[in-house]
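Reading through the C-alpha cells given below for one structure.
The values are calculated or read from the model by the stated rules, or taken from the named source; none is laboratory data. Note that the structure is predicted; figures quoted are calculated from it, not measured. Virtual Cβ from ideal backbone geometry, glycine too; neighbours counted across all protein chains shown.
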Amino acid sequence: MSKSRTPEPGAHLSGEACAILIVDESENDRFIREKLFSNGLGDFISESSQIVPIDDFGTFKFIPLDSFHNEIETFDPRDNGYAAKLRSFFIHEGKRFFLSLLNDNSRGIHSQINSTEMKKKLDAILGNIPYTFVILGRGESMLFNFILMLTGCSIALFFSRSRRLYVFQVPVLLSIAYCGFYAMILAAILTGIWELLREPLGELSATMRYNRILDYAGAGFKGIRSRLKPYKINFFLVFVFMLFFLIFSFSGILSPLMLVSVGLSFSFLYFLSFLVEAEIIRRRSHIPFTPVLLLTQRAKTFSLFPCLLPFGLISLIALFLPRGVSEVNPIDPGYFVSTEEYNRHTAFQRSFSFRSLNQEPDIYDYNALMHEDYLRYYLGEDGLIAGTNPHSGFEEEALPFPLEKLMDFLIEYNKLAVGDSAGKNTPLDTSVAAMFKEWISVVIIFAVCLLDFLKPQIAPKKKHPLIWDKRIAA
C-alpha cells in the first residue's frame with residue numbers, strides 16, 4: 001500500500017525544493033526512473049542516472065554507477081571507494097532513493113509544486129509498488145498570502161482613480177496569491193501598467209466609445225498622435241514596467257506559463273472593463289466631459305502613489321514572515337557526498353597513470369606529479385630524439401560535480417531543520433543573491449511611488465515681437 005507524507009493543508013512550497021521518492025531496495029531502478037520520466041514527472045536522479053569517471057590511461061572512462069562492479073573488479077587499484085560512497089547515498093538501510101530538485105520555472109510538476117497532484121500520478125505510475133513520497137522545501141501559508149494580497153488589492157482599489165475599471169483586475173491579482181512573495185511584486189507591476197495606460201487608452205478609445213463624429217484632434221494617425229501627446233511619460237514608464245515583467249518571465253522567478261496566463265487575463269479584463277463602462281454610458285445617455293490641454297503644460301497624467309504603496313507594504317511584511325521547513329529529511333546527512341570527495345576522486349584518477357602503485361593514496365596533487373620524469377620527447381628530421389616538452393598531462397578537462405546543487409540544497413535544508421527544532425524559523429534560501437533580489441524588488445516599488453512627487457513643469461513660452469502682442473491694439 002502506498003503512503004505519502006505531504007505538507008500540511010494550506011501550506012505552499014515556493015522557490016527551490018526537492019522531491020524524494022523512496023521504494024524498496026529490490027525494485028528496478030531504471031524501470032522506475034524511466035516510468036517517472038515518460039509520464040511527465042521529470043528526470044529524477046538515482047543510482048542509474050549517475051556515472052563514475054575512471055582513469056583509462058590518459059583519459060576518463062565513464063562507467064554507470066549501477067554497473068560499476070561489472071566493469072571494475074574489486075581488486076582494481078583504480079577503485080578508491082568513491083563509487084561505493086556514491087551508491088550508498090542512493091541505496092541504504094534497505095531503501096532506494098529517487099530525487100528531483102524542483103524550482104518554479106521548470107516544466108510539468110515543477111511549475112508549481114503540488115504534492116497532491118504528484119501523489120495521484122505516482123499512484124497510477126507505480127501501481128502496487130509501495131513507496132514513500134516527500135517534498136522538502138520551505139512552508140508558506142497559502143491562506144496568509146491570500147489575505148495579504150486581498151488586503152493590498154482592497155487598499156489599492158480604495159485609492160484608485162477609477163474603481164469601476166480597476167475592480168476587473170482584482171480577480172487576476174488574487175489568483176496569483178499562491179505564488180508567495182513574488183506574486184505581490186507581480187501585482188504591483190500589473191497595477192502600475194493598468195494605471196499608466198488607463199488615461200491614454202481611455203482617450204484613444206473616446207471617439208469609438210462615445211460615437212464622436214467631430215473630434216478636437218482630427219482623424220487618422222495625426223489625430224491619434226495629437227490625443228496621445230500629453231501621455232509620453234506614461235508610455236515610457238509602461239516600457240519600464242514591461243521590462244520588469246519580462247525579467248520575471250526569463251529569470252525563472254515565476255513560471256512562464258503562469259505569467260502568460262496572467263498577462264492574457266489582464267489584457268482581456270482591461271478590454272472588458274472599457275466595454276462595460278461604454279455600456280453604462282450608453283444606458284445613461286450621457287457623454288462625460290473630457291478635458292483638453294490648452295496650455296503647453298506637462299501635466300501629471302498618472303497616479304502611482306498611493307495606488308502601488310499597498311503592494312510595497314505587503315511585500316515588505318512578507319519578507320519577515322517565518323518560512324520554515326515542510327518535512328523532515330529522510331536521508332541521513334552521513335550519506336551525503338561532498339564536492340571535496342568528488343574532487344579528490346577525480347584528482348586520484350587523473351594522477352593514476354603517472355603514480356607508483358606503492359604511492360600513498362592520500363596524495364592527490366596532480367600538478368605535483370608533472371615533474372621532469374614525465375617529459376614528452378619529439379623526434380628530429382633524422383628520426384632521433386631532438387628534445388623534450390613538458391608533458392601536457394591528463395587529456396580530459398576538469399569535471400564539475402554533477403550533484404553539487406542537490407547536495408548544497410540538502411545541506412542547507414538540514415541546517416534549517418536544526419534551526420526549526422530549536423524554535424527558530426528563517427527563510428530557506430538564505431543566500432545573499434536571493435535576499436538581494438527580494439529586497440531590491442521592494443525598494444523598486446517604493447521608488448516608483450516617488451515618481452508622483454515630481455512636480456509638472458510648464459514649458460517656457462516663446463518670445464514674440466511686440467507688434468504681435470494683441471494687447472497693443474487695445
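Based on this model, can you work out whether Val23 counts as farther than 22 Å from Asn329 by Cα and either surrounded by 16 or more Cβ atoms within 10 Å (Cβ to Cβ) or at pLDDT 90 or above (or both)? Explain how you work it out, then say what you get.
Numbers: farther than 22 Å from Asn329 by Cα: no; either surrounded by 16 or more Cβ atoms within 10 Å (Cβ to Cβ) or at pLDDT 90 or above (or both): yes.
Criteria not met by Val23.
For residues that are within 16 Å of Ile445 (Cα to Cα) and either in a loop (DSSP other than H, G, I, E, B) or free of Cβ contacts under 8 Å to residues at least 12 places away in the same chain (or both), tally how many sit in the stretch 234-245. Before you say what the answer is, go through the steps one by one.
Narrowing the stretch 234-245 to residues within 16 Å of Ile445 (Cα to Cα): 237-245.
Then keep just the ones that are either in a loop (DSSP other than H, G, I, E, B) or free of Cβ contacts under 8 Å to residues at least 12 places away in the same chain (or both); that gives 239-240, 243.
Summing the residues that are within 16 Å of Ile445 (Cα to Cα) and either in a loop (DSSP other than H, G, I, E, B) or free of Cβ contacts under 8 Å to residues at least 12 places away in the same chain (or both) in the stretch 234-245 gives 3.
Yes/no matrix, rows are residues, columns are (1) modelled with pLDDT under 75; (2) under 28 Å from Glu203 (Cβ atoms); (3) assigned by TED's automatic domain parsing to the domain that holds Gly152:
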{"site": "Phe271", "(1), (2), (3)": "no, yes, yes"}
{"site": "Glu277", "(1), (2), (3)": "no, yes, yes"}
{"site": "Val292", "(1), (2), (3)": "yes, yes, yes"}
{"site": "Leu304", "(1), (2), (3)": "no, yes, yes"}
{"site": "Glu341", "(1), (2), (3)": "no, no, no"}
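Is there a residue in the stretch 134-142 that is farther than 30 Å from Glu327 by Cα and either of a type in the set (Val, Ile, Thr) or modelled with pLDDT of 95 or more (or both)?
Applying the first criterion (farther than 30 Å from Glu327 by Cα) to the stretch 134-142 yields none.
No.
Considering only residues that are out of contact with any Ser or Thr (no Cβ under 8 Å at 6 or more places or on another chain), more than 30 Å from Phe97 (Cβ to Cβ) and hydrophobic (A, V, I, L, M, F, W, C), which ones fall in the stretch 135-158? Walk me through how you get there before you give the answer.
Looking only at the stretch 135-158, we keep the residues that are out of contact with any Ser or Thr (no Cβ under 8 Å at 6 or more places or on another chain), and these are 141-155, 157-158.
Retained after the next criterion (residues that are more than 30 Å from Phe97 (Cβ to Cβ)): 143-155, 157-158.
If the condition is that a residue be out of contact with any Ser or Thr (no Cβ under 8 Å at 6 or more places or on another chain), more than 30 Å from Phe97 (Cβ to Cβ) and hydrophobic (A, V, I, L, M, F, W, C), then Leu143, Phe144, Phe146, Ile147, Leu148, Met149, Leu150, Cys153, Ile155, Leu157, Phe158 are the ones that fit.
So is Glu16 at pLDDT below 95, buried (at least 19 other Cβ atoms within 10 Å of the Cβ) and in contact with a Phe, Trp or Tyr (Cβ under 8 Å, 6 or more places away or on another chain) or not? Don't jump to the end; show me each part of the working.
Working: at pLDDT below 95: yes; buried (at least 19 other Cβ atoms within 10 Å of the Cβ): yes; in contact with a Phe, Trp or Tyr (Cβ under 8 Å, 6 or more places away or on another chain): yes.
Here the answer is yes, as Glu16 does meet what is asked.
Go through the stretch 71-95 and report how many residues are touching a strand residue (DSSP E or B) at 6+ places or on another chain (Cβ under 9 Å), over 17 Å from Leu406 (Cα atoms) and not hydroxyl-bearing (Ser, Thr, Tyr).
Matching residues across the stretch 71-95 total 8.
What's the total number of residues in the stretch 101-133 that are at pLDDT 85 or above, assigned to a strand (DSSP E or B) and of a type in the set (A, V, I, L, M)?
Within the stretch 101-133, residues that are at pLDDT 85 or above, assigned to a strand (DSSP E or B) and of a type in the set (A, V, I, L, M) number 1.
Can we say Ser175 is at pLDDT below 90 and small (Gly, Ala, Ser)? Explain how you work it out, then say what you get.
Values: at pLDDT below 90: no; small (Gly, Ala, Ser): yes.
In short, no.
Would you be able to say whether some residue in the stretch 333-354 is more than 28 Å from the chain's Cα centre (by Cα) and part of a loop (DSSP other than H, G, I, E, B)?
Scanning the stretch 333-354, I find at least one residue that is more than 28 Å from the chain's Cα centre (by Cα) and part of a loop (DSSP other than H, G, I, E, B), so the answer is yes.
Is it true that Phe98 is surrounded by 15 or more Cβ atoms within 10 Å (Cβ to Cβ), closer than 17 Å to Gly137 by Cα and at pLDDT 95 or above? Write out each step before concluding.
Working: surrounded by 15 or more Cβ atoms within 10 Å (Cβ to Cβ): yes; closer than 17 Å to Gly137 by Cα: yes; at pLDDT 95 or above: yes.
The answer is yes for Phe98.
Test of understanding: among Ser49, Ser38, which residue is assigned by TED's automatic domain parsing to the domain that holds Asp332 and modelled with pLDDT of 95 or more? Show your work before the answer.
Working: Ser38 fails: modelled with pLDDT of 95 or more.
The match here is Ser49.
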